[in-house]
Amino acid sequence: MRFLFFLICYGLVVLTATHMILYLNYHALGYPWSDVFIFILKTVDFKIFLGACLGLITVFFFPSPSRTPFS
């Protein structure tokens with residue numbers, strides 16, 4: 001279960017990070033950097049990115065039980 005949670009969080013981090021990198025192309029269209037970063041901070045992608053990062057931190061730093069309850 002923990003491995004599945006890791007894979008989902010990792011996939012969400014990669015997906016949302018690539019979307020946010022693509023948003024940086026707005027600077028090439030003439031928008032100033034401050035407007036681009038404010039736009040990125042307001043998107044749903046950024047919120048999903050933060051949630052997935054918190055999920056990865058939870059998987060890595062909080063130990064799981066060494067035995068399952070039914071073994």
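The values are calculated or read from the model by the stated rules, or taken from the named source; none is laboratory data. Computed from a predicted structure; not experimentally measured. Note: ideal-geometry Cβ built from the backbone for every residue, glycine included; neighbour counts use all protein chains shown.
The residues of region 1-28 that are among the aromatic types (F, W, Y), exposed (fewer than 14 other Cβ atoms within 10 Å of the Cβ) and in contact (Cβ under 8 Å) with a residue 40 or more places away in the chain amount to a single one, F5.
Considering every residue within region 46-65, establish whether at least one is modelled with pLDDT of 95 or more and among the polar types (S, T, N, Q). No, that holds for no residue. Selection of region 29-71 for residues being polar (S, T, N, Q), under 14 Å from F5 (Cα atoms) and surrounded by 10 or more Cβ atoms within 10 Å (Cβ to Cβ) yields only T58.
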